[in-house]
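Remarks on the structure that follows.
The values are calculated or read from the model by the stated rules, or taken from the named source; none is laboratory data. Nothing here was measured: the structure is a model prediction, and the numbers come from that model. Cβ: placed from backbone, ideal geometry, glycine included. Neighbour counts: every protein chain shown.
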Amino acid sequence: VTIVFLGMFSGLTNLFGNSLTIIAVLRFKQLRDVISNRFIISLSVGDLLCVPGFILFPLTIYTEHSVMTGRIWGLVIQIPIILSFWISGLTLVAISIDRVIAVSKPMMYRRIMTKRMAWLMIAIVWVLII
């Protein structure tokens, strides 16, 4: 029972927190105009991929599976979690690159890190993973 509760709580907390982050950034122009927040949106969307796994994984303890349904169930739960971890990791690398540019070339940052460049970096992360 404790594992189910923790899994459900973790999944719902993930869903709530990341959804609020995405809504806040998309809703307020001041947050949308900050280039770094595009990476935060990507990170939140990637983290939302974990939600089905966090909510459904604990339920597998109480269900009986045949070999075939066990494999399908495992893929349904594990693939989004693995994708989410990779997307999060590579998005953190992109955020690090963004911050290195901001610190090492502060006067040229706005010319180098445009909205288009940020979206390109995010697209590269997602294409590499998927």
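Could you list, in sequence order, all residues of the range 1-58 that are of a type in the set (S, T, N, Q), under 28 Å from A118 (Cα atoms) and surrounded by fewer than 18 Cβ atoms within 10 Å (Cβ to Cβ)?
Let us first name the residues in the range 1-58 that are of a type in the set (S, T, N, Q), namely 2, 10, 13-14, 18-19, 21, 30, 36-37, 42, 44.
Narrowing the set further to residues that are under 28 Å from A118 (Cα atoms) leaves 13-14, 18-19, 21, 30, 36-37, 42, 44.
T13, S19, Q30, S36 - these are the residues of the range 1-58 that are of a type in the set (S, T, N, Q), under 28 Å from A118 (Cα atoms) and surrounded by fewer than 18 Cβ atoms within 10 Å (Cβ to Cβ).
Say whether the condition of being among the hydroxyl-bearing types (S, T, Y), surrounded by 12 or more Cβ atoms within 10 Å (Cβ to Cβ) and either more than 18 Å from I129 (Cα to Cα) or at pLDDT 80 or above (or both) is met by at least one residue in the range 97-108.
no
Identify, please: which residue in the range 88-130 is in contact (Cβ under 8 Å) with a residue 12 or more places away in the chain and part of a loop (DSSP other than H, G, I, E, B) and is, among those, farthest from I40 (Cα to Cα)?
I130
Any residue in the range 39-64 that's farther than 30 Å from L26 by Cα: show its pairings with residues that are modelled with pLDDT under 90 and small (G, A, S) at Cβ separation under 6 Å, as long as the two are six or more apart or on different chains.
F57/G7; P58/G7
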